[in-house]
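Notes for the one structure printed next.
The values are calculated or read from the model by the stated rules, or taken from the named source; none is laboratory data. These numbers were taken from a predicted model, which means no experiment stands behind them. When we count neighbours, we look across all protein chains shown, and the Cβ atoms used for this are built from the backbone with ideal geometry, even at glycine.
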Ligand code: ANZ
Ligand code: ZN
């Protein structure tokens, strides 16, 4: 019995695919197109199992669609700018460029060993000038069209490392590296006008019917459209404060006005009131993200100013500076309704403010509100004068109408979405192609001078931005007036790089950012596959970038990703030593059925199954696994077992099982003998499998396709020699080819077929064989299942009844008595009433 030798087969076929450019996409093919894309990797060092799973999924779809006669674009590249390269530079004294390029070389070789059907001719790395130079050109296009601007905004400043920190680098108010208390600092930064597209980006979601609902919902919440009322309260100090509310219906339940700590009114008060100033300073210490504000204790400072209720000027509300009011949302001021808003409820409890019910849930109508938390549900207005009896929606409309009629407010929409700040005070990113001139201001670098290339000779020995302290790089002449000027030293957020790479892929090499006509032919991406961690920002930015290009006439595509799939993670058991250290799978052995450390033999406890991560040491490096079992077994395993949207647990048993299956598939060839006879049930199973696997792959339900192939292999192994069996063996190779491509090529060649199986057509289904001519009939007595039997499809009622009455189980139940009644549902069941 022969054995499939993956080691030689993998390398041999990978070489042939590469030499023949088998997977090069054709920009001018008459075939129907399909663009399959997995989110491109960050070159962190080595491929991990999550990559293997992600890229294998896209690969199966690619190979399948090619077999269906499609012209498939399936490219690969590198999201190569970003912080880790600079960290490596600081820690290991290597240049970010060489660190990144070495990682790319390693990971490229690792990906190639998986036998991925990729068009490597389109490979790109965002850190190379022939990519980021085009990005600079696109940035300038947006600039010319007024979609880029500069404004002062606050950053997290690490005073020790002298660097700006991203929000996730601030841990409990301190810099993640230095541990210094982070300060807020105002800097001039570049912004992209994504808010100009808020409506479009929201409305566009409804066209994305091949996206997971949860991702669309996350995008919707992020964009955060709120409709409500904006109006002014008159203040006892003679001034006014404007508030925004989504619940104007609750106006008679208000018991205070809250303003943000950095609201101009608050700042004004602080000038003369040291207590107010101290409170404001205290507010700034805490986090400022919405999530942090949600969980913080609600604190306020009574300004002793009072606000007049708009419907009853004699009714005065205290004005508080409150830590849960954000300056950059709505108007930076609110009116608080403790009975119907949880934050206001907590605040009122703390400061002894009235809690008045104005929306009744069911029979509770008294103004006294004794619940344990705010009531935010639907209901009827009570204790609210002219609003009494209206439902929430009608009451909102009524208040807005009165405010507009009275001229003190108006119905408005506010958005949670903010413009996209793209400035990063970093070296390893795309230089922003702007020159600052004292006379001319911010001047775009002329396009013919692009790319603005990063200088190579930089040092990371001292903190701060190496571009800023480079001796010569930033000193240039103004492109407009020729006087000495200064280059922008901020680089672009790496999310900009990933906002258009799929467009560049689609037009092949070009001296422009992309070829409009060619890119439009490929786009949108038909199937995008990646991690759910990119469900919000990356997808939103890429959608924005695409729409911005459309608006300025560069690319006529509205939505970049027609289909989206978010795959689950790869998990693994975790292990801990007796003294609480995480242990890697390689550091433990099984001895006498218990797990011990292989160094010393101390007992090991098995922890939870968790996402593979370096910190928990439960990662499994794919490369040695590929060495040992071959690419096909690894591919097979990551596709099997779990639905692709769920987590997949990596186990030794699992990969061994996959390897054994690959060998079983190969051994079928020993049975490839030609007999004349036919085997109808096997024919039928084969054709059901052809049809079923196709549906499963198209639906990205790879585990189901795998299960069907398992069943078919089982049936073939059990079948007697026949022409049907030989045909099933030849066909199953085609069906498995997208998943186990190396074995499939090897078998294809062994069968003496011409050409590559990668180019072979998907087998035809014989529809006649899909129709079952046998059905399973349930035999019931008094409605309880007693047996199941096979019967010819469409059998007569009388025949089914006779068969049921002759059934031994039924006879036993009847005990010789005649049945009271027999109910027959053709092709389904016979129920005997005893
Ligand atoms: C009165 C009210 C009564 C409110 C009630 C809610 C419930 P969304 O849906 O997220 O847009 N708000 C407005 N501006 C704010 C700011 N800058 N910082 C903190 N909170 C702010 O939320 C809108 C609601 O959040 C607004 O409606 C306002 O409180 C509050 F029973 O006004 B509401
Ligand atoms: Zn100038």
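For the stretch 658-677, the tally of residues that are more than 15 Å from residue 748 (Cβ to Cβ) and more than 37 Å from the chain's Cα centre (by Cα) stands at 8. Report yes if residue 550 is assigned to a loop (DSSP other than H, G, I, E, B) and more than 24 Å from residue 116 (Cβ to Cβ), otherwise no. Here the answer is no, as residue 550 does not meet what is asked. The criterion of at least 1 residues that are over 28 Å from the mean Cα position of the chain (by Cα) is met, among helices (runs of 4 or more DSSP H) falling completely within the stretch 87-204, by 96-112, 129-144. Does the stretch 103-111 include one or more residues that are farther than 26 Å from residue 739 by Cα and crowded, with 17+ Cβ neighbours inside 10 Å? Scanning the stretch 103-111, I find at least one residue that is farther than 26 Å from residue 739 by Cα and crowded, with 17+ Cβ neighbours inside 10 Å, so the answer is yes. Of all residues assigned to the stretch 230-241, at least one qualifies as being buried (at least 16 other Cβ atoms within 10 Å of the Cβ), at pLDDT 95 or above, within 28 Å of residue 368 (Cα to Cα) and in contact with a helix residue (DSSP H, G or I) (Cβ under 7 Å, 6 or more places away or on another chain). Per the conditions (1) part of a strand (DSSP E or B); (2) farther than 21 Å from residue 384 by Cα; (3) without any contact (Cβ under 8 Å) to a residue 60 or more places away in the chain, the sole criterion not satisfied by residue 241 is (3).
Of the strands (runs of 3 or more DSSP E) lying entirely inside the stretch 382-451, those containing at least 1 residues that are under 27 Å from residue 332 (Cα atoms) are 409-415. The residues on offer are 483, 448, and the sole one that is within 15 Å of residue 433 (Cβ to Cβ) and more than 16 Å from ligand 1 (Cβ to nearest atom) is 448.
In the stretch 791-826, which residue that is part of a loop (DSSP other than H, G, I, E, B) and in contact with a helix residue (DSSP H, G or I) (Cβ under 9 Å, 6 or more places away or on another chain) is farthest from residue 774 (Cα to Cα)? Looking at residues that are part of a loop (DSSP other than H, G, I, E, B) and in contact with a helix residue (DSSP H, G or I) (Cβ under 9 Å, 6 or more places away or on another chain), I get 819.
Annotation note: Cβ proximity below 8 Å between a residue of the stretch 351-377 that is farther than 15 Å from residue 391 by Cα and part of a loop (DSSP other than H, G, I, E, B) and a residue that is within 16 Å of ligand 2 (Cβ to nearest atom) and at pLDDT 95 or above (sequence gap 6+ or interchain) occurs for no pair.
Sub-7 Å Cβ pairs linking a first residue in the stretch 244-262 that is closer than 15 Å to residue 330 by Cβ and modelled with pLDDT of 95 or more to a second residue that is near ligand 1 (Cβ under 7 Å from one of its atoms) and assigned to a helix (DSSP H, G or I), at least 6 apart or interchain, are 247/340, ordered by first then second residue. If I ask for residues that are more than 16 Å from ligand 2 (Cβ to nearest atom), surrounded by 18 or more Cβ atoms within 10 Å (Cβ to Cβ) and either over 32 Å from the mean Cα position of the chain (by Cα) or at pLDDT below 95 (or both), which ones from the stretch 469-489 would you list? Across the stretch 469-489, the qualifying residues are 470, 473. Of the residues in the stretch 64-75, at least one is buried (at least 22 other Cβ atoms within 10 Å of the Cβ) and under 20 Å from the mean Cα position of the chain (by Cα).
One line per residue, one yes/no per condition, for (1) on the phi > 0 side of the Ramachandran plot; (2) near ligand 1 (Cβ under 10 Å from one of its atoms):
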position: 231; (1), (2): no, no
position: 234; (1), (2): no, no
position: 238; (1), (2): yes, no
position: 242; (1), (2): no, no
position: 254; (1), (2): no, yes
position: 260; (1), (2): no, yes
position: 265; (1), (2): no, no
position: 268; (1), (2): no, no
position: 271; (1), (2): no, no
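Among the residues making up the stretch 687-703, those that are free of Cβ contacts under 8 Å to residues at least 60 places away in the same chain and assigned to a helix (DSSP H, G or I) are 689, 692, 693, 695, 696. Within this structure, residue 458 passes the test of being touching a helix residue (DSSP H, G or I) at 6+ places or on another chain (Cβ under 6 Å), away from ligand 2 (no atom under 16 Å from the Cβ) and part of a loop (DSSP other than H, G, I, E, B).
In the stretch 531-542, of all residues being under 17 Å from residue 213 (Cβ atoms) and modelled with pLDDT of 95 or more, the one that is nearest to the chain's Cα centre (by Cα) corresponds to 539. Has the stretch 758-771 got any residue that is assigned to a helix (DSSP H, G or I) and under 30 Å from residue 3 (Cα atoms)? Scanning the stretch 758-771 turns up at least one residue that is assigned to a helix (DSSP H, G or I) and under 30 Å from residue 3 (Cα atoms).
With the requirement that a residue be part of a loop (DSSP other than H, G, I, E, B) and in contact with a strand residue (DSSP E or B) (Cβ under 9 Å, 6 or more places away or on another chain), what does the stretch 479-508 give you? Hits for the stretch 479-508 are 479, 480, 481, 483, 488, 489, 490, 493. If only residues of the stretch 400-430 that are away from ligand 1 (no atom under 16 Å from the Cβ) and in contact with a helix residue (DSSP H, G or I) (Cβ under 7 Å, 6 or more places away or on another chain) are counted, the one that is modelled with the lowest pLDDT is 426. Among residues of the stretch 434-451 that are closer than 17 Å to residue 133 by Cα, none has a beta-carbon under 9 Å from a residue that is in a loop (DSSP other than H, G, I, E, B) and within 16 Å of ligand 1 (Cβ to nearest atom) at least six positions away or on a different chain.
Of everything listed in (1) free of Cβ contacts under 8 Å to residues at least 12 places away in the same chain; (2) buried (at least 17 other Cβ atoms within 10 Å of the Cβ), the single unmet condition for residue 642 is (1). The set of residues in the stretch 69-117 being touching a helix residue (DSSP H, G or I) at 6+ places or on another chain (Cβ under 8 Å) and on the phi > 0 side of the Ramachandran plot consists of 82, 115.
Any residue at all in the stretch 428-442 that is over 14 Å from residue 496 (Cβ atoms) and away from ligand 2 (no atom under 16 Å from the Cβ)? No, there is no match, as no residue in the stretch 428-442 is over 14 Å from residue 496 (Cβ atoms) and away from ligand 2 (no atom under 16 Å from the Cβ).
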